[in-house]
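The values are calculated or read from the model by the stated rules, or taken from the named source; none is laboratory data. For clarity, every value in this text was computed on a predicted model and none was experimentally measured. Methodologically, a virtual Cβ is constructed for each residue, glycine included, from the backbone with ideal geometry; neighbour enumeration extends over all protein chains shown. Surface accessibility is based on the protein's heavy atoms, side chains included, excluding ligands, DNA and RNA. Shrake-Rupley method; radii C 1.70, N 1.55, O 1.52, S 1.80 Å.
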Amino acid sequence: MLSAALPTTHHLLNHPFALSIALIFLLYSTSKRQSLPLWPIIAVLSLMIGFCAYAISIRPPAETTDLSEFANNQFVTITATVIRIEPQQGRWRMDVTMEKIAHHQQHTAQVVGNLRVQVGRKQKGLIKPSPRTNTVLPGERITFRAKLRKPRQYGLPAEFNYPQHLARSHIYMTAFVDQEESIVRLPQQTEPSLHCHIERWRTSLGDQISVSYSPQQAAYLLSLTLGQKSRFSPEQREKLANYGISHLFSISGLHLGLIASLIYLLLNRLYRTSEQLMLWLPAQMAVPLLTLPPLLFYLSLSGSALPTIRAALLTGITVVALISYRATPPLTLLALVATAILAYDPLALFSASFQLSFAGVGALIYCLANKKRGASTAGKKWLIVPLTATIIATIATTPIALCHFHTFAPAGVLCNMIAIPLIGILTVPMALVATLILPILPQLSLTLFDGCLWIIDTTLNLSSSIAQGPLAGTFIYLSPTQHGALILLALATLTLIVGLRQRTLLLLCASAAMLIAPYFYAAPAPLELTPFSVGQGESLLLRLGKQKSYLIDGGGFYSQSFDVGKQLLAPALGSLGVKHLDAVILSHDHPDHRKGLIHILRHFNVEQFWSSIPVNQLHWSLQKVLSEQNIPTRLFTANWTNIALESETRLDIFVPPDDTAKMNDRSLVVLARYKNDGILLTGDLEHHGVTQLLDGPLLSPVTALKLPHHGSRRSRPHALVQATQAKIAIASVGFNNSYHFPHPETLAALNENQTTLIRTDRDGTVRLKSWGFGWHQQSLAQP
């Protein structure tokens, strides 16, 4: 964690001399261990291993070919071998091992490395992308044309680290293929490995099930049998999250534990029927060993997700401890499993699955092992213990779930009491049997799948009836300080369960101190602007001290598969401590400014919605959310309008007088000023709109300028820069955008005026702060 927080230049691998000195010191200290305590040596060695392991994992291996020269937005022809296929809603992706790459200029090179290829992207204007029809299977050699891209972050606070996520699979480059028909099979040169055969079997089973059922039904079935969570639609994911039962529809340690229990009970019953076997080896030693092979098979069939690996390792170590009569504390076993996983996969530490899995199991072991036990009754065994375990696991995992997914399900405990028996005990074994007999008894298999779907529908309907009113799921976005306070509160609750009252009191005091600490921070600057790096779109947070907060635009993509507001903007606002917005301002009604606002308007406390466009002329999605949330709207008319404020700060809104112009030239303009500093936010104004803005005198000096239309040359950059004499300019642009914004003509105008340019694609999210006598820059997140 320290290595991830520090710049890459601080990694120990970049300083071999310092690393050598540290190792020599450790060897010397170890040789003198009789006179030195052991724990400092272990601590230092652990830190060194952690630093080195992270640095090695986050970088491409030494044998991997550097593909930077090919990631230049040009098509290349790639020859590769398929590792795995992962279907998604309406499209699919595959991971491949590259063999050869050819440029259009006949430049061919042998390459080594893995690549993630997205196939069948949704085309603009289509409601849904086409599903997978290509019959390519794992282990096959293929060739295709695509553009290589190096994965990168947008550069927002609290953003999901996509490059780090791919690095766990040793993938450091991605590609996109629009038409799956362009993927061509090549002759097989070697016999596929056992892993390829297993992946082929999983892929063919998934294709058979997806053909027999609707995409929504197939998503539920395949998540429970093959662990293919990627098939869920956003609506299905949100529904399961609101009910608090998402973990039941992804293969986890709970599923493996239930399957292991069923296998153990069955084998134990069969084994004890043979007197000869009992005399040869006692059942308490033989049955656990016999349980392991079926578990390994289930692990391979379900995709070997990290929680199932954790459960399988824990089961295997427990079996070894049992047959060797070794008594070991359960938390020690759990720590051993965690260490083994991190030794093989150091980046797993940052994944939600690792954190949730070990937090939940660790809390259960800690609380149930230390809790005082009373008399055991049937009611306690079948009701109280499961309810207590569900509550403990919920307390332990809620802070982590809020950190990664920002969702809270108050009905989760009650829904799990219903869903765990129905899904875990009934549906999962039934679906597993149906999957295994699908190739030989398809009709019986489909009948079993139909039964599974009936149970799933019943579970979802019951959960829906519970998750209503105050128990309905909701999105919650917290700052890092609030996350820390919530973690301490969860720990305090767990210690209270086991009866450690003094420790509980200390943790509660620490949680309260962390929660109130932000109130003692220095007051924010009277004038602050935070341009969010949301790709080829625009979103800006304007804060006027502690008095007012305004969100201008929300970014957005033309694609329907990525919600900028939900996945980028809302977590960033929460990370900055923004819970209340005095107004959400729409400069103009285009998707790259509007779409991200929908989620914000629905899940943040917004006092007003400002626009220069009448509500009945806005996009239907905006009309719907404004009506549902009952948000007052304010319509601004032509020319300048002053917003009354109770401070020295001045805020003015400008609307171009020509309401017959095209949408960009009708963009609402915001001008904020504090003492000698002013900032002008110009939307997507083009030539006509900028002319109207400059025809009337600007009401305040402008020292910082948000370039209109992402830095287009059609927005009169020379005239605007000359008129404002701004010292800082901001361009909200996407990385390698197809429009080539900001335009060279705009850059030339800024250079002539010696204006400093902040680009969101290069600089990420930068906060500008002013106390009235010049701007101060603060980098919040970098791409």
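Which Cα, out of Tyr325, Pro480, Leu186, lies furthest along the positive dipole direction of the chain (beta carbon charges, K/R +1, D/E -1)?
Going by the charge dipole, the pick is Tyr325.
In Å², and per residue, what accessible area does the chain have when probed at 1.4 Å with the other protein chains present?
Per-residue value: 49 Å².
Could you grab the relative contact order for the chain? Cα pairs under 8 Å, six or more apart, rounded to a whole percent.
Computed over the chain, the figure is 9 percent.
Counting only C-alpha contacts under 8 Å and six or more residues apart, can you give the relative contact order of region 660-722 as a whole percent?
34 percent
Write down the radius of gyration of region 218-276 and its Dmax, each obtained from C-alpha positions, in Å.
When restricted to Cα atoms, region 218-276 yields Rg and Dmax of 16.5, 56 Å.
Given N residues in the chain, what is its alpha carbon radius of gyration divided by 2.2 N^0.38 Å?
It is 1.06.
Taking amide hydrogens as modeled 1.01 Å from N in the peptide plane, which residues meet the under 5 Å criterion relative to Ile83, leaving out close sequence neighbours?
Those qualifying (amide H under 5 Å, at least 5 residues apart or on another chain) are Asp95, Val96, Thr97, Gly139.
Just the number: Rg to Rh for region 287-445, Cα atoms, Kirkwood Rh, two decimals.
0.98
Based on the alpha-carbon set only, what is the convex hull volume of region 385-483 divided per residue, in Å³?
For region 385-483, the hull spanned by Cα atoms encloses 115 Å³ per residue.
May I ask you to derive the relative contact order of region 553-624, considering only C-alpha pairs under 8 Å and at least 6 residues apart, and to give it as an integer percent?
The value is 38 percent.
What's the extension gain from Tyr519 to Ser233 if we count 0.36 nm per residue and subtract their Cα-Cα distance?
Stretched fully, the Tyr519-Ser233 segment lengthens by 98.9 nm.
Take His406, His776 and sort them by solvent-accessible surface of the protein heavy atoms, 1.4 Å probe, largest at the top.
Result of the area sort, largest leading: His776, His406.
Sorted by average packing, counted as other Cβ atoms within 10 angstrom per residue and highest first, what order do 596-605, 283-292 take?
596-605, 283-292
Pulled fully out, how much extra length does the chain show between Cys52 and Val385, if you take 0.36 nm times their separation in residues and subtract their Cα-Cα distance?
In short, 115.6 nm is gained.
Sort region 518-669 into rounded, prolate or oblate with this rule: let a ≥ b ≥ c be the square roots of the eigenvalues of the Cα gyration tensor; rounded if a/c is under 1.5, and if a/c is not under 1.5, prolate when a/b is larger than b/c, oblate otherwise.
Oblate is the answer for region 518-669, as a/c is 1.5 or above yet b/c matches or exceeds a/b.
For the cross-link pairs Lys579/Lys662; Lys548/Lys624; Lys706/Lys769; Lys229/Lys595, which exceed 23 Å when the distance is taken from alpha carbon to alpha carbon?
Over 23 Å Cα-Cα: Lys579/Lys662; Lys548/Lys624; Lys229/Lys595.
Summing +1 for each Lys or Arg and -1 for each Asp or Glu, what net charge is found among the other residues whose Cβ lies under 14 Å from the Cβ of Pro526?
Surrounding charge for Pro526 is +4.
May I ask you to derive the FRET efficiency for Gln276 and Ser214 from their Cβ-Cβ distance with R0 = 60 Å, giving the value to the nearest 0.05?
0.70
Below 11 angstrom from the Cβ of Asp665, what's the summed charge of the other residues (Lys, Arg +1; Asp, Glu -1)?
Every neighbour counted, the sum reads -1.
Loop only per DSSP, at most 14 neighbouring Cβ atoms within 10 Å: give me the chymotrypsin sites (Phe, Trp or Tyr not before Pro) in region 320-367, ordered by residue number.
When the chymotrypsin sites (Phe, Trp or Tyr not before Pro) of region 320-367 are filtered for loop state and at most 14 Cβ neighbours within 10 Å, Tyr325 remain.
Straight-line reach from Lys239: which aspartates and glutamates have a Cα under 14 Å away, not including same-chain ones fewer than 8 places off?
Once the sequence-local aspartates and glutamates are set aside, what remains near Lys239 is Asp457.
Between His776 and Ser193, 0.36 nm times their residue separation minus their Cα-Cα distance comes to what?
Result for the pair: 204.1 nm of gain on full extension.
Mind listing the phi-derived Karplus ³J(HN,Hα) values for region 80-89, rounded to whole Hz, using 6.51, -1.76 and 1.60 with θ = phi - 60°, and x for any glycine or proline?
Listing the rounded values in order: 8, 10, 6, 8, 8, 10, 10, x, 10, 5 Hz.
Extent of region 444-528 along each principal axis, from alpha carbon coordinates, in Å, largest to smallest?
Answer, in whole Å and largest first: 67, 47, 26 Å.
Remind me, what semi-axes does region 252-300 give for its equivalent ellipsoid, largest first in whole Å, using sqrt of 5 times each Cα gyration tensor eigenvalue?
23, 10, 7
In whole Hz and in residue order, list the ³J(HN,Hα) couplings for region 444-460 that follow from phi through the Karplus curve 6.51 cos²θ - 1.76 cosθ + 1.60, θ = phi - 60°; x for Gly and Pro.
With the stated coefficients, region 444-460 comes to 5, 4, 5, 5, 5, 4, 4, x, 4, 5, 5, 5, 4, 4, 4, 4, 5 Hz.
Short version: ³J(HN,Hα) in whole Hz for each residue of region 520-526, in order, from phi by Karplus 6.51 cos²θ - 1.76 cosθ + 1.60 (θ = phi - 60°), x for Gly and Pro, what are they?
Karplus values, whole Hz, x for Gly and Pro: 9, 5, 4, 5, x, 5, x.
Residues in region 210-237, backbone N under 15 Å from the label point at Asp450 (7 Å along the Cα-to-beta-carbon vector): list them, ranges by number please.
The answer is 212-214.
Given 25 °C and 0.890 mPa s, compute D for region 678-783 with the Stokes-Einstein relation, Rh being the Kirkwood radius over Cα pairs; round to the nearest whole µm²/s.
Answer from the Stokes-Einstein relation: 176 µm²/s.
Please report the antiparallel percentage of DSSP beta bridges with both residues in the chain, rounded to the nearest 5.
In the chain, DSSP labels about 75 percent of beta bridges as antiparallel.
Set the Förster radius R0 to 56 Å, insert the Cβ-Cβ distance between Lys675 and Arg168 as r into 1/(1 + (r/R0)^6), and round the FRET efficiency to 0.05.
Once rounded, the FRET efficiency stands at 0.65.
In terms of the ratio Rg/(2.2 N^0.38 Å) built on C-alpha atoms, what value belongs to region 229-363?
Rg over 2.2 N^0.38 Å, computed on Cα atoms: 1.21.
Which is the longest run of the chain containing none of the GluC sites (Glu not before Pro) found in DSSP loop states (not H, G, I, E, B) with at most 15 other C-beta atoms within 10 Å?
64-606
Pull out a ≥ b ≥ c, the square roots of the eigenvalues of the alpha-carbon gyration tensor of region 192-253, then state rounded if a/c is under 1.5, prolate if not and a/b is larger than b/c, and oblate in the remaining case.
oblate
Where the only charges are on Cβ atoms (+1 Lys, Arg; -1 Asp, Glu), what is the dipole of region 484-638 about its Cα centre, to the nearest 20 debye?
Around 500 debye, computed over region 484-638.
Of the listed peptides 423-432, 723-732, what is their order by residue-averaged count of other C-beta atoms within 10 Å, with the highest listed first?
Descending mean neighbour count gives 723-732, 423-432.
Which of rounded, prolate or oblate describes region 723-783 when judged by the alpha-carbon gyration tensor and an a/c cut-off of 1.5?
Here region 723-783 falls in the oblate category.
For region 643-701, take the convex hull of the Cα atoms, compute a quarter of its surface area, and give me that in nm², please.
4.0 nm²
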